[in-house]
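The values are calculated or read from the model by the stated rules, or taken from the named source; none is laboratory data. All values derive from a computational prediction rather than experimental measurement. Glycine gets a Cβ as well: all are built from the backbone with ideal geometry, and neighbour counts include every protein chain shown. Protein only, heavy atoms only, side chains kept; ligands, DNA and RNA dropped before computing areas. Shrake-Rupley method; radii C 1.70, N 1.55, O 1.52, S 1.80 Å.
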Amino acid sequence: MLVLIVDDHPLLRQAIRQVIEHHFPTAIVREASTGEEAAGIVRKEPVELAVLDVMLPDHSGLTVLKRIKKLRPQIKCLMLTIHDEPQYVRLALSHGASGYLTKETAPDELHEAIRTVLTGARYVTKGLEREGDARTRLGSLLSPLPILSAREMEVLCLLAKGGTVSRAATQLKLSVKTVSTYRTRLLDKLRLTTTAELIRYAVDRGLVK
């Protein structure tokens, strides 16, 4: 089995590698720190499983997910991220992810998740699945969420958590000008006029805690 770990933090990649090599001793592990590097590996090698961060230096992990699924449709993708908003889970699964874990996940659960997705089943980190189901039911009572890109969703959630444009730019490793552009797109798509309205919109739809 060929496994690809995609994350820009070397220590986290090493920790994930250790879990994989301990529980799957015959696995071959490749590592990538950017979306472009990950796509290049998937294009050239028969990767069966990708453990993929949602936030990467060059692209949204959700964008990379769609790209590598297009390159290799049978690949299993397990998202591992700091984001625990149910909307991220729904986006990831709708884009073809086989599972979703937060970075607070214990090594044993990572092992369980990998084992589960390799069987063809889906896995969502414990607790988040129940919370996401509840929020989905709540969200169904509200107006549908317009189609947002992965980056737009990331910017929306960061702003809704009380972050500024500059702070969101730092976290996403983008320029302030680029994040400002995403904010403007969000306001246009959602027919809102202020950041305060964006925050209320996200909170009302259960996108943030």
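Viscosity 0.692 mPa s, temperature 37 °C: give me the Stokes-Einstein translational D for the chain in µm²/s, with Rh taken as the Kirkwood radius over C-alpha pairs. Don't jump to the answer; show the numbers that get you there.
Working: Rh = 17.6 Å.
It comes out at roughly 187 µm²/s.
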**Request:** Would you look at the GNM of the chain, springs on alpha carbons closer than 10 Å, and say which of Thr193, Thr105, Thr81 moves the most?
**Result:** Thr193
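Quick one, can you get me the convex hull of the C-alpha atoms of region 33-99 expressed as volume per residue in Å³?
Convex hull of Cα atoms, per residue: 69 Å³.
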**Asked** Per residue, how much accessible area does the chain show when a 1.4 Å probe rolls over the protein heavy atoms, in square angstrom?
**Response** 49 Å²
**Prompt:** Between Asp58 and Ala106, what is the FRET efficiency for a Förster distance of 25 Å, r being their Cβ-Cβ separation, to the nearest 0.05?
**Reply:** 0.25
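Need one number: % antiparallel among DSSP beta bridges in the chain, to the nearest 5.
Antiparallel bridges: around 5 percent, rounded to the nearest 5.
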**Asked** Around Val176, what is the net charge, scoring Lys/Arg as +1 and Asp/Glu as -1 over all other residues with Cβ under 11 Å from its Cβ?
**Response** +3
**Asked** Karplus couplings for region 115-122 from phi (6.51 cos²θ - 1.76 cosθ + 1.60, θ = phi - 60°), rounded to Hz, Gly and Pro as x?
**Response** 4, 5, 5, 5, 7, x, 8, 9
**Request:** Using +1 at the Cβ of each Lys and Arg and -1 at the Cβ of each Asp and Glu in the chain, identify which of Gly99, Cys77, Tyr201 lies farthest towards the dipole's positive end.
**Result:** Tyr201
**Message:** Please list, short to long, the whole-number percent of alpha-carbon pairs of region 150-192 in consecutive 5 angstrom bins beginning at zero.
**Reply:** 6, 27, 39, 22, 6, 0
**Asked** Expressed as a whole percentage, what fraction of the accessible surface of the chain belongs to carbon and sulfur atoms when a 1.4 Å probe is rolled over the protein heavy atoms?
**Response** 54 percent
